[in-house]
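A short worksheet on the structure shown next.
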Amino acid sequence: MTLTPPFFLLLLGLLGAQATVDVRMAATMAAGLCKTRPTDLVFIVDSSRSVRPSEFEQVKVFLAKVIEGLDVGTNATRVGVVNYASRVKNEVSLKTHRTKAGLVKAVNKIEPLSTGTMTGLSIQFALNVAFSESEGARVKSPDISKVAIIVTDGRPQDDVKEVAQRARDAGIEIFAIGVGRVEMSTLKQMASHPPDDHVDYVESYSVIEKLTRKFQEAFCDTHTVSDLCATGDHDCKQVCISSPGSYKCACKDGFTLMDDGRSCSACSNSATDVVFLIDSSKSVRPENFELVKKWINQIVDKLDVSDAKAHVGLVQYSSSVRQEFPLGRYNSKKELKEAVKKMAYLEKGTMTGQALRYMANNSFGPGQGARPGVVKVGIVFTDGRSQDYIGDAAKKAKQNGIKMYAVGVGNAVENELKEIASEPTGEHYFYTADFKTMTQIAKKLQINICQEEDPCECNSLVKFQKKVEDALQALTKKLESMSKRIALLENKIV
């Protein structure tokens, strides 16, 4: 089968012909600015029972990173995702999302199906449905590439050879990625030719990300780089600044760029009191409790801990409530993280309501180190259903001015998380099925430290007023200069 031009670049790369553009390629891919010919790309992802939840999360990270290197758009690359096990689910249609941010968000929401492995059925589905015009695929044309990337870790329970051949005959270029105990012969039956360019193998899902560069290069044409600031295909919240082969985000006057490199805050100097409320009931188990402590320290790393800025307190609970340390006891990240590591596991029941009442009544009191006029943030972690009523205590915490974040793992109840979380709940509650994937929540959880009445508002107004005055002065000087020039011209005419 003839390789399409974008993928011919990959073959050249393997032969060493890309050496002269490696630096430019790296800069272009790092900025997510690759420009390709129009491509309809469908990921076909195995989520059978052999793929553990934590491994499926790693597959989603791989997909997101490949997407970040694409030129996504209606007239550029369209992306779809097919999820399969014993049945097939069209998670993302080619017609659904036109931006990388939308695609990545949709990919993050995909859940494993956890049944058998009907790989042939998934390829047939992609051929009949995912690549159909009704789902957003474009009419077959020499100018439009059709590409499928299959990720699987097991032996298919149905035939793949004939259906894969039909897909290739229909003009779909197939890449097959195998993980763990997958059969190489099966991968070769599915993939386009030559197999060396279309078949990849990794020992485990933990290293699947190493294939990201290959697929970014496969799609990237370094001779045409799009200006994402101009097209609007970027994640900058306020200002996007273009540069050759790259772009960066910036903020308006009076705002500060946040650690994520995209968001802006008018209150970067605000002090914050943060209290963790941690479930250590017997369902958590000792090994997972160690993961919880690492997760807490990930969030501590994101805070500006100091005497004047972020103070952190920690309370854990099971059938009883125990304060580990109050706000302000530790004013450095190192001291905080050491204290978290030393925290002992309680076991027993899950009295979340009782723990919430303790937080609302005690944790943010002056006697516990809370500072007056400072933003109050509560981060509640639980892995199961509460054994007591949480409604009144959760309501009181929020009425007391505490911004509440709720984080659930495993058997945590979504409705309880929403009841604990502040509005809008979609930004204040998080859930994952596996303790091992809690790191993803730590990355997503952005603590907003602005108060309802913006403490920076006066400073912003002063800056704005000064900016207006400077602009008026500059305009006055220009008018004076223009008046003098007009007068000179009048004298010449006379």
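Observations
- Flag for LYS105 being open to solvent by 20 Å² or more (accessible area, probe 1.4 Å) and either farther than 20 Å from TYR431 by Cβ or touching a residue at least 24 places away in the same chain (Cβ under 8 Å) (or both): no
- When the helices (runs of 4 or more DSSP H) confined to segment 180-222 are screened for residues that are open to solvent by 60 Å² or more (accessible area, probe 1.4 Å) and either within 17 Å of ALA148 (Cβ to Cβ) or of a type outside the set (Lys, Arg) (or both), those reaching at least 2 such residues are found at 184-190.
- Hits in segment 346-356 - residues which are of a type outside the set (Val, Ile, Thr), open to solvent by less than 50 Å² (accessible area, probe 1.4 Å), in contact (Cβ under 8 Å) with a residue 60 or more places away in the chain and over 17 Å from VAL274 (Cα atoms): LEU346, GLY349
- Odd one out for LYS396 among (1) surrounded by fewer than 21 Cβ atoms within 10 Å (Cβ to Cβ); (2) closer than 19 Å to LYS436 by Cα: (2)
- Within segment 142-162, the set of residues being among the polar types (S, T, N, Q) and either in a strand (DSSP E or B) or within 22 Å of VAL66 (Cβ to Cβ) (or both) comprises SER145, THR152.
- Hey, VAL51 open to solvent by 10 Å² or more (accessible area, probe 1.4 Å), closer than 26 Å to ASP434 by Cβ and among the hydrophobic types (A, V, I, L, M, F, W, C) or not: no
- VAL340 meets each of the listed conditions (1) among the hydrophobic types (A, V, I, L, M, F, W, C); (2) touching a residue at least 40 places away in the same chain (Cβ under 8 Å); (3) part of a loop (DSSP other than H, G, I, E, B) apart from (3).
- Residue in segment 274-286 that is farthest from the chain's Cα centre (by Cα), counting only those that are in contact (Cβ under 8 Å) with a residue 12 or more places away in the chain and open to solvent by 30 Å² or more (accessible area, probe 1.4 Å): LYS282
- Output for segment 77-98, where each listed residue is more than 21 Å from GLY120 (Cα to Cα) and open to solvent by less than 10 Å² (accessible area, probe 1.4 Å): THR77
- First in segment 193-213 and within 20 Å of GLU57 (Cβ to Cβ), second anywhere and loosely packed, with under 15 Cβ neighbours inside 10 Å, Cβ under 8 Å, 6 or more apart: VAL202/LYS210
- Scanning segment 287-319 for residues that are modelled with pLDDT of 90 or more and open to solvent by 60 Å² or more (accessible area, probe 1.4 Å) turns up GLU290, LYS294.
- Filter result for GLY378 (in contact with a strand residue (DSSP E or B) (Cβ under 7 Å, 6 or more places away or on another chain) and on the phi > 0 side of the Ramachandran plot): no
- Taking every residue in segment 154-167 that is open to solvent by less than 90 Å² (accessible area, probe 1.4 Å) and pairing it with any residue that is among the hydroxyl-bearing types (Ser, Thr, Tyr) and in a helix (DSSP H, G or I), at least 6 positions away or on another chain, the pairs with Cβ-Cβ distances below 8 Å are PRO156/THR119; PRO156/THR186; ASP158/THR119; VAL160/THR119; VAL160/THR186.
- Qualifying residue in segment 25-40 (condition: open to solvent by 30 Å² or more (accessible area, probe 1.4 Å), at pLDDT 90 or above and touching a Pro at 6+ places or on another chain (Cβ under 7 Å)): no
- Flag for GLY171 being free of Cβ contacts under 8 Å to residues at least 60 places away in the same chain, closer than 22 Å to ALA218 by Cβ, touching a helix residue (DSSP H, G or I) at 6+ places or on another chain (Cβ under 6 Å) and not aromatic (Phe, Trp, Tyr): no
- Applying the condition of being aliphatic (A, V, I, L, M) and open to solvent by less than 10 Å² (accessible area, probe 1.4 Å) to segment 366-389 and asking which residue is farthest from SER306 (Cα to Cα) yields VAL380.
- Within segment 404-419, the set of residues being open to solvent by less than 40 Å² (accessible area, probe 1.4 Å) and in contact with a strand residue (DSSP E or B) (Cβ under 8 Å, 6 or more places away or on another chain) comprises MET404, TYR405, ALA406, VAL407, GLY408, VAL409, ALA412, GLU416, LEU417.
- Residue within segment 320-328 that is touching a Lys or Arg at 6+ places or on another chain (Cβ under 8 Å) and free of Cβ contacts under 8 Å to residues at least 40 places away in the same chain present: yes
- Residue satisfying all of: in segment 360-396; assigned to a helix (DSSP H, G or I) and of a type in the set (A, V, I, L, M, F, W, C); nearest to LEU327 (Cα to Cα) among these: ALA360
The values are calculated or read from the model by the stated rules, or taken from the named source; none is laboratory data. Since we're looking at a predicted model, the values are computed, not measured. Methodologically, a virtual Cβ is constructed for each residue, glycine included, from the backbone with ideal geometry; neighbour enumeration extends over all protein chains shown. The protein model used for the area step is the full one, side chains on, heavy atoms only, and it has no ligands, DNA or RNA in it. Shrake-Rupley method; radii C 1.70, N 1.55, O 1.52, S 1.80 Å.
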